[in-house]
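Step one of this worksheet: look at the structure below.
The values are calculated or read from the model by the stated rules, or taken from the named source; none is laboratory data. Because the structure is a prediction, the values reported are computed rather than measured. Methodologically, a virtual Cβ is constructed for each residue, glycine included, from the backbone with ideal geometry; neighbour enumeration extends over all protein chains shown. Please note that ligands, DNA and RNA were not included when accessible areas were found on the heavy atoms of the full protein model with its side chains. Shrake-Rupley method; radii C 1.70, N 1.55, O 1.52, S 1.80 Å.
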There are 2 protein chains.
Amino acid sequence: MGTRRNFIKNSLIAGVGTAIIPSNTFGLGSIANASTKLRVGMIGVGLRGTNHLDNLLLRNDVLITAICDVDQNRIDIAQKRIEKAGQKKAKVFGANDLDYRNLLDLKEVDAVVIATPWLWHVRMSKDAMLARKYTGVEVSAANTLEECWDLVNTHEQTGTHLMILENVNYRRDVLAVLNMVKQNVFGELLHFRCGYQHDLRGVKFNDGKQPYGGGVEFGEKGLSEAHWRTQHSLMQNADTYPTHGLGPIAAMANINAGNRFLSLTSHATKARGLHQYIVNHPNGGENHPNAKLKWKQGDVITTTIDTANGETIIITHDCNSPRPYSLGFRVQGTNGLTEFDYHTKRIYVEGKSKKHDEWDNMDQWLKDYDHPLWKKYGSEATQAGHGGIDFYVMNAFVESAKQNIAPPMDAYDAAAWSAVTPLSERSIENNGEPQDFPDFTRGMWINRKPYDWMKDTF
Amino acid sequence: MGTRRNFIKNSLIAGVGTAIIPSNTFGLGSIANASTKLRVGMIGVGLRGTNHLDNLLLRNDVLITAICDVDQNRIDIAQKRIEKAGQKKAKVFGANDLDYRNLLDLKEVDAVVIATPWLWHVRMSKDAMLARKYTGVEVSAANTLEECWDLVNTHEQTGTHLMILENVNYRRDVLAVLNMVKQNVFGELLHFRCGYQHDLRGVKFNDGKQPYGGGVEFGEKGLSEAHWRTQHSLMQNADTYPTHGLGPIAAMANINAGNRFLSLTSHATKARGLHQYIVNHPNGGENHPNAKLKWKQGDVITTTIDTANGETIIITHDCNSPRPYSLGFRVQGTNGLTEFDYHTKRIYVEGKSKKHDEWDNMDQWLKDYDHPLWKKYGSEATQAGHGGIDFYVMNAFVESAKQNIAPPMDAYDAAAWSAVTPLSERSIENNGEPQDFPDFTRGMWINRKPYDWMKDTF
């Protein structure tokens with residue numbers, strides 16, 4: 001790859017110390033030349049990609065050298081922001097679906113951020129790794145087991161790193177609980193819960209003019225995620241979006257590094273929510289063509305995973321019904337447990353909670369176990385989206401790419417987390433029959449060391 | 001059976017109107033003779049049986065004519081309470097394990113309440129039905145699938161009714177949510193959660209002198225539930241106590257009456273809690289003989305049920321770890337959902353909750369949908385145990401027995417709910433393999449009408 005270089009420390013990483021040259025088992029270029037910046041190509045600058053773009057443009061150690069999107073309107077928006085940030089115009093790609101490959105040919109691209117429809121994630125990630133670009137890919141990473149293997153095999157073949165850009169791993173409460181886990185607050189871990197419980201009806205349908213709501217259109221007639229995401233609900237009875245919940249739990253449970261997912265069972269309810277939304281919408285109704293569709297995805301999907309270390313994990317997918325947002329976390333060990341979501345957070349630890357068998361309010365716990373990253377970067381982080389978590393995920397990506405080291409969430413993680421989609425689909429189709437996870441590490445999970453989530457750099 | 005009679009209305013049922021003679025499909029004796037009382041035999045007067053005894057002694061339509069227990073100490077306590085309540089001494093049984101059969105031979109017993117160790121529930125229930133005694137049996141009812149069938153088959157053979165004494169079905173919040181379900185607040189039902197999450201370590205172990213805690217003894221050296229219940233945790237990796245959660249959900253979902261449980265999968269975590277409790281207890285330690293035991297029951301057991309109507313139900317069994325008490329209810333439909341347990345209660349219903357996508361505090365909802373039974377009997381009920389729920393379950397038992405009509409929770413319910421224990425055990429043993437529920441109604445669930453849970457009498 002030959003273009004790996006060291007980077008001037010910016011304000012964000014002041015005090016971090018000299019970047020350590022990683023023990024690079026794949027013989028890639030080492031870190032040298034302290035005067036240049038990470039040159040990033042953006043593949044996909046829709047709403048999500050532009051969000052990442054904005055965060056990258058806030059940094060002084062990144063140049064955006066190329067952008068790719070098949071929608072000229074999104075290219076225009078991105079280009080304006082790049083210029084407004086004082087950078088020169090990026091090279092533009094998107095003449096056709098495969099034009100991203102020409103972006104990948106550029107020498108002036110060190111790393112790529114892929115924020116495209118799900119069905120493009122692995123095709124692009126694979127091509128990016130083959131082109132030796134440090135690769136960041138949005139969630140969920142892969143759609144099929146073959147694609148999961150593609151991520152792992154291409155990473156191993158090329159030695160190029162891939163990071164799955166799971167931002168929830170950086171939520172302040174999630175990292176505080178991870179801190180508690182690492183400090184053994186809960187004792188030996190037993191049981192986890194997580195999921196994606198988010199009313200997406202106004203995301204899956206719109207009027208083709210605005211991204212959120214206003215109609216019951218999707219596919220060709222839909223805009224933004226409605227343009228491509230909704231089709232998955234029509235065609236697949238599966239947990240199509242497992243990583244927001246599972247990523248944080250995997251970090252706590254050392255998945256792929258001393259532990260692994262063994263097998264799962266999945267159960268789906270009937271599918272009612274999307275049909276009901278179409279029928280009841282003022283721009284829909286019984287006679288709207290979309291009212292005739294048979295939706296495959298059950299409204300609530302429950303998946304339970306067994307791990308090698310004897311824990312269980314419940315993942316919930318609940319996106320087609322009216323409900324308050326909740327990722328529904330629970331982390332439980334032999335000493336106690338916490339349950340926390342957007343609205344309610346509570347904890348009980350034997351001998352440490354104020355009252356016997358009563359939940360503690362979690363506010364003080366979250367302060368006491370605030371993660372070093374949030375203590376350090378909290379004010380900068382909150383300038384970025386999603387309560388600051390997008391700052392952290394991009395920071396980890398950029399810092400890992402600059403050093404060309406393994407990222408916090410790598411190709412094995414992307415594969416294992418994403419595998420829930422095809423495995424849940426198969427289990428549901430077979431009446432809840434258990435499905436084994438492939439061991440994407442080919443046995444190496446026994447010896448692999450967990451990523452150091454507790455450092456204060458990224 | 002020949003001893004069925006009508007009963008003087010007491011204050012509790014004033015205003016109920018004349019008891020309707022039931023359409024008795026089994027040709028049992030009808031209701032006659034308006035001057036006598038229901039004569040109850042108590043089989044098992046341990047802590048739980050005595051609790052029921054106390055509630056029955058508060059009523060003026062019940063006589064306790066016989067008691068049975070193999071523990072003379074418990075007999076003495078019960079007899080004292082009977083005399084204190086102004087009733088004449090009950091006949092006493094318990095000379096040996098099968099002496100309850102002599103109680104069942106008594107003409108002066110119309111109905112029995114069985115509150116004995118789990119392994120005796122079905123043996124005694126079966127004998128009671130064969131003796132034509134209206135039978136109330138504590139939870140869980142049955143231990144094996146054969147026992148589940150015994151309940152159903154003996155009921156059908158004899159025409160004698162059996163009621164499973166599930167008190168949680170009468171919790172004020174549970175009945176208010178049932179009221180919401182019946183009024184279609186949640187729309188078409190999709191998903192339920194429930195369980196038994198209760199730190200029972202101090203129940204499973206004691207010092208043999210007091211029922212709760214103080215040591216790490218069980219079995220021969222343990223008192224009360226530690227004497228018999230703990231052995232199940234040692235020998236069975238199963239959800240051994242599913243009905244406190246599942247009973248209320250089954251009522252909401254019309255199980256066995258227009259719906260039924262189809263199949264389940266179960267997953268268990270490793271077993272750590274009981275061993276750790278023994279080792280860390282001041283009267284235990286590494287060298288205590290019980291520290292050598294290998295406990296089979298996983299600390300957290302997760303079971304997911306598919307129903308004929310396309311809903312899913314998650315049941316949790318979590319009794320071996322430190323934690324606040326929670327049955328962890330969730331009831332979700334196409335219009336919204338509620339999550340409620342002992343400590344936190346919240347609800348969201350589209351178009352009715354105060355804010356879009358925000359939980360409503362549930363207090364006002366619980367008032368608005370307060371169940372007729374709680375409006376009517378709330379003050380009387382709170383004299384009894386378990387926040388009043390034991391009053392309601394005994395009231396339903398007595399009133400159903402007096403009329404010799406099918407109880408709210410019958411032999412089919414007892415069988416279906418209890419079947420979770422053997423089916424979860426088999427699923428866990430087979431790596432989460434789905435297990436089909438027997439159809440205990442032999443197809444009749446298609447035509448059976450749900451019990452009228454909304455009446456204000458019992």
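List of remarks:
- Summed over both chains, the area buried between B and A is near 4500 Å², taken from the accessible surface of protein heavy atoms with a 1.4 Å probe.
- q = 0.12 Å⁻¹: log10 I(q)/I(0) that the Debye formula gives for region A:301-440, counting C-alpha atoms only: -0.76
- Sequence-distant contacts, meaning Cα pairs under 8 Å at least 6 residues apart, place the relative contact order of region A:30-136 at 30 percent.
- Label point 7 Å beyond Cα along the C-beta direction, distances from B:GLU156 to other copies (nm, shortest first): 5.6
- Sequence of B:LEU175, B:LEU119 from largest to smallest accessible area, 1.4 Å probe: B:LEU119, B:LEU175
- Nearest-first distances (nm) between copies at B:LEU58, label 7 Å from Cα via Cβ: 6.0
- Span per principal axis, largest first, for the Cα atoms of region A:103-232 (Å): 51, 40, 28
- Among chain B residues, the beta-carbon with the smallest distance to the axis carrying B onto A is reported, with distance in whole Å, as B:THR265, 2.
- Each of A:GLY214, B:GLY432, A:THR312 was scored by the projection of its Cα onto the charge dipole of the protein assembly as shown, and the greatest displacement toward the positive side belongs to A:GLY214; charges sit on the C-beta of Lys, Arg, Asp and Glu.
- Projecting the Cα atoms of B:ASN287, B:LEU104, B:ALA268 onto the dipole axis of chain B, where Lys and Arg carry +1 and Asp and Glu carry -1 at the beta carbon, places B:LEU104 farthest toward the positive end.
- Computed Kirkwood radius, in angstrom, where 1/r is averaged over Cα pairs of the protein assembly as shown: 29.9
- Placing +1 on the Cβ of every Lys and Arg and -1 on the Cβ of every Asp and Glu, with no other charges, gives the protein assembly as shown a dipole of roughly 1160 debye about its Cα centre.
- Counting only heavy atoms of the protein chains and using a 1.4 Å probe, A:ASP452 has close to 80 Å² of accessible surface.
- Assuming charge only on the beta carbon of Lys and Arg (+1) and of Asp and Glu (-1), the dipole of region A:138-269 about its Cα centre is about 420 debye to the nearest 20.
- For region B:49-158, applying the loop criterion from DSSP together with a ceiling of 15 other beta carbons within 10 Å to the trypsin sites (Lys or Arg not before Pro) yields B:LYS88, B:LYS89, B:LYS107.
- Solvent-accessible area lost in complex, 20 Å² minimum, residues of region B:424-447 relative to chain alone, 1.4 Å: B:ASN431, B:PRO434
- Cα-based Kirkwood hydrodynamic radius, region B:200-356, one decimal, Å: 17.7
- When +1 charges are put on Lys and Arg Cβ atoms and -1 charges on Asp and Glu Cβ atoms, the dipole computed for region B:334-437 relative to its Cα centre reaches about 480 debye.
- Cα coordinate range in region B:368-435, projected on the principal axes (Å, largest first): 49, 30, 24
- The residues neighbouring A:VAL92, those whose beta-carbon lies less than 13 Å from its own, together hold a net charge of 0 under the Lys/Arg +1, Asp/Glu -1 convention.
- Largest first, the residues A:HIS191, A:HIS343 sort by 1.4 Å accessible area into A:HIS343, A:HIS191.
- Cross-link pairs exceeding 28 Å between alpha carbons, from the set A:LYS221/A:LYS294; A:LYS126/A:LYS294; A:LYS352/B:LYS345; A:LYS89/A:LYS376; A:LYS37/A:LYS89: A:LYS126/A:LYS294; A:LYS89/A:LYS376.
- Across peptide B:292-302, the average count of Cβ atoms from other chains found within 10 Å of a residue's Cβ is 3.
- Across every pair of non-identical alpha carbons in chain A, the mean reciprocal distance, once inverted, gives a Kirkwood radius of 22.7 Å.
- Trypsin sites (Lys or Arg not before Pro) within region A:164-226, DSSP loop, no more than 11 other Cβ atoms inside 10 Å: A:LYS209
- Ordered from largest to smallest accessible area (heavy atoms of protein chains, 1.4 Å probe), the residues B:GLU138, A:GLU286, A:GLU433, B:GLU380 come out as A:GLU286, A:GLU433, B:GLU380, B:GLU138.
- Net charge of neighbours whose Cβ lies under 12 Å from the Cβ of B:GLN297, counting Lys and Arg as +1 and Asp and Glu as -1: +2
- Summing Lys and Arg as +1 and Asp and Glu as -1 over all other residues whose Cβ lies under 9 Å from the Cβ of A:GLY388 gives a net charge of 0.
- Surface accessible to a 1.4 Å probe, per residue, for the residues of the protein assembly as shown, Å²: 37
- For the peptide A:187-197, the mean number of other protein chain Cβ atoms found within 10 angstrom of a residue's Cβ is 4.
- Calculated label separations, A:ASP97, copies of the chain, 7 Å along the beta-carbon direction, nm: 7.1
- A cut-off of 5 Å between modelled amide H atoms, ignoring neighbours fewer than 5 places along the same chain, links B:MET163 with B:THR135, B:GLY136, B:VAL137.
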